[in-house]
Amino acid sequence: MFAIFDKYRQVFLTGLQSNIVYRFNFAVRGFFSLFHLAAVVILWSAASLGGSGGLGGFSLGQTITYFVTLLILQFFISAFNEDYQISEEIRNGLINQFLLKPINYFAYRFSIFVAARLVSGLVVIVPLLIALPVLREYLAFPHDYRVLLFGLPAMAMSAVIQFSIAYCFGLLSFWFLEIQGFVILSMALETLLGGQMFPLDLLPEWAYAIARCLPFYYQMYFPAAIFTGRLTDPTLIFQGYGIQAAWVIALLLVNQLLWSRGLRRHTAVGG
């Protein structure tokens, strides 16, 4: 057991070193994300004035805090290009090196994913600290420490969901030469149903109930809603944990199914 842990720990450390090389790229991406955040502040400030200072029962500060939290979560748990990397390894035959070795490909890719998100998440804090004097008046984080206790498990499972979906699309390269269409469709659904365009609690009640049953809700909105105090009822939070865990298990099973079926179609040449 310790040997297995040490094996993927080494993969994580290697991924950490390789991603530190691209820390400047992550920093630039973080700085440019501030322009998007500025547009969000302007847009929702105008909406708040038009709505007598309230947005679906939340203040402007709570809404801006929500979008700042989304920005941080994107760099800590979003799967940026893991699907394309997996696709490239399958199409170029690089995946062959893992087929005859005692390495679980999912665990290998997930270790690299965690390393990459750790680097990008820590780097994005730099531009946010620089922008903090401007953002401070808009931020309204809850003072209850329990949001961290509730939010961190949701964040961890969200990362697994994010990676598992990207992993699924990457494995589609066993059947399709190009997966870009699938990835773009998934990104569009995640943007809309994951709360990245607007907080999902602004939806009609029936639409919000449907969204809570989909995996996109748990990719980003669920942990962000907990961290920012939009979701405070422990009963609803634990219900969310249950649905989120069910999606984690379902996606892991789909991953295993695609992997086993895909290997039957794969022809290993070279590698």
Legend entry - Residue match in region 254-270 (condition: among the polar types (S, T, N, Q), part of a loop (DSSP other than H, G, I, E, B) and either modelled with pLDDT of 90 or more or surrounded by fewer than 15 Cβ atoms within 10 Å (Cβ to Cβ) (or both)): yes
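With the structure loaded, tell me whether residue 30 is touching a Pro at 6+ places or on another chain (Cβ under 6 Å) and more than 24 Å from residue 168 (Cβ to Cβ) or whether it fails that test.
yes
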Legend entry - Sole exception among (1) among the β-branched types (Val, Ile, Thr); (2) without any contact (Cβ under 8 Å) to a residue 40 or more places away in the chain; (3) farther than 21 Å from residue 62 by Cα for residue 179, by number: (2)
Legend entry - Evaluation of residue 101 against (1) loosely packed, with under 14 Cβ neighbours inside 10 Å; (2) modelled with pLDDT of 85 or more; (3) not β-branched (Val, Ile, Thr) (one fails), failing number: (2)
Legend entry - Sole exception among (1) assigned to a helix (DSSP H, G or I); (2) small (Gly, Ala, Ser); (3) in contact (Cβ under 8 Å) with a residue 24 or more places away in the chain; (4) within 22 Å of residue 68 (Cα to Cα) for residue 156, by number: (3)
Inset, instruction - Might you let me know whether region 77-98 holds any residue that is in a loop (DSSP other than H, G, I, E, B) and more than 30 Å from residue 265 (Cβ to Cβ)? - result: no
Inset, instruction - Hey, could you check region 134-155 for residues that are more than 14 Å from residue 233 (Cα to Cα) and among the small types (Gly, Ala, Ser) and say which is nearest to the chain's Cα centre (by Cα)? - result: 154
Inset, instruction - Might you check whether a residue that is surrounded by 13 or more Cβ atoms within 10 Å (Cβ to Cβ), within 16 Å of the chain's Cα centre (by Cα) and more than 25 Å from residue 116 (Cβ to Cβ) occurs anywhere in region 173-190? - result: no
Inset, instruction - Check whether at least one residue in region 193-201 is part of a helix (DSSP H, G or I), of a type in the set (A, V, I, L, M, F, W, C) and in contact (Cβ under 8 Å) with a residue 40 or more places away in the chain, and report yes or no. - result: no
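The values are calculated or read from the model by the stated rules, or taken from the named source; none is laboratory data. Just so we're clear, the structure is a prediction, and the values are computed from it rather than from any experiment. As a convention, Cβ positions derive from the backbone with ideal geometry for all residues, glycine included, and neighbour counts pool all protein chains shown.
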